[in-house]
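Every number in this text was worked out from the coordinates using simple rules, so none of it is lab data. All of these numbers come straight from a predicted model, not from anything done at the bench. Positions of Cβ are generated from backbone atoms using ideal geometry, with glycine treated the same way; all protein chains shown enter the neighbour counts.
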Amino acid sequence: MVDSERSQPDSSTTDRLTRWLLLGGNRLAVSGVIVAVIFITFLIFGLAGIVTISKPDRMLWFLNGTINGLLTLIPIAVGINQIVLSQELGSMNNLYSRVENTLDFRQRVENTTGVDVSSPQSAEFFHDLFVALNDRADALGDASNGDIDQQLNDEIDDYAETLSQQTNHASSILENMDFEIIDTFLVLLDYHDSEQFHRVRRLQNEHTDELSDETSDRLGEIQELFMELDAARQYLKTLFIQRELSELSRVLIYTGIPAILLAGLAIFTYRDMPGLSIPRPLIVVLVSATVAASLAPLAILSAYIVRVALIAQRTAAFGPFIPHEEHQRIIEQNE
């Protein structure tokens, strides 16, 4: 996987770590970090005597509650699979129509971008879109010189220069990426085209009589490319979330059953451990490991759901309306 830090502006170490935990990092690796934090926390508090783990009643109460919680993973996994399958199953006509619509969209993108056959790789597909936008921005800057109003020319030139810089930055990142969808998606999350789309519509609609035919055509092409970019981004989001949810349901089953077995074994054996000649530090280590391992499915669920929810929130900002907090975040990111 391409390092997700390449797809974002310069930021502090804390920002990069936060981004890795919430978005860019492998979900199993992030889950492992959460489990390690749980283990270290219980270990430190146990060795310091802040947490009393030598009393069987407290530990058994915790493990009983943990098993009850882990047993709910089965309906959660089934529910997630139902969500995924509801998008995948259908009649022959519906499935054929879905494929046909996808092919029609690819052909529209190919006609707009001038590519003979659009790539099945997400990074290369969006790279072609950004290159086409960059070319249209350069063409718009050249075409605006034929307009009469100098103030309008300056506004169009400023828009074309901004659009060219941002699309060139995005395309340069996507150029050498691999097949990992999440890397491509991180670039798309950092590219905010809603404001640019609004500006191109305003220029085209408010200055219709003042624009030359060539400038008007270039603005129309840019607007069409923005629509195709947003549609492709939403479709990629759908595919990515489906993959994430299907992987989550599988991993929950893989880790949930061992966690239940471990918690069950601990319930039947822990009451006799204080009576054995086992050093207290070793008991603390074993108990901390048992607690952390039994909570591993919860860590996995948290890691996956947080990323899916954050992506849904961030992509909801693309379109005709932008929430105020998202608008402020975009301004801070562009500064």
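Each Cα pair under 8 Å and six or more residues apart adds its sequence gap; the mean of these over the residue count of the chain is a relative contact order of 33 percent.
Debye-formula intensities of region 206-307, expressed as log10 I(q)/I(0) at q = 0.18, 0.21 Å⁻¹, are -0.92, -1.05 (one equal scatterer per alpha-carbon, no solvent).
Each Lys and Arg adds +1 at its Cβ and each Asp and Glu adds -1 at its Cβ; summed about the Cα centre, region 190-315 shows a dipole of about 1420 debye. Across the chain, the volume of the C-alpha convex hull divided among the residues equals 164 Å³ per residue.
As a ratio to 2.2 N^0.38 Å, the alpha-carbon radius of gyration for region 149-231 is 1.25. With the convex hull drawn around the C-alpha atoms of region 16-56, the volume per residue stands at 80 Å³.
Each of Asn81, Asn153, Met92 was scored by the projection of its Cα onto the charge dipole of region 53-163, and the greatest displacement toward the positive side belongs to Asn81; charges sit on the C-beta of Lys, Arg, Asp and Glu. Ellipsoid fit via the Cα gyration tensor, region 16-113: semi-axes of 48, 22, 6 Å, each the root of five times an eigenvalue, largest first.
For the chain, build the charge dipole from Cβ charges (+1 Lys, Arg; -1 Asp, Glu) around the Cα centre, then report which of Met59, Leu21, Val37 sits farthest towards its positive end. It is Met59. Along the axis of the charge dipole computed for region 1-142 (Cβ charges of +1 for Lys and Arg, -1 for Asp and Glu, origin at the Cα centre), the listed residues Gly69, Val131, Thr102 are led at the positive end by Gly69.
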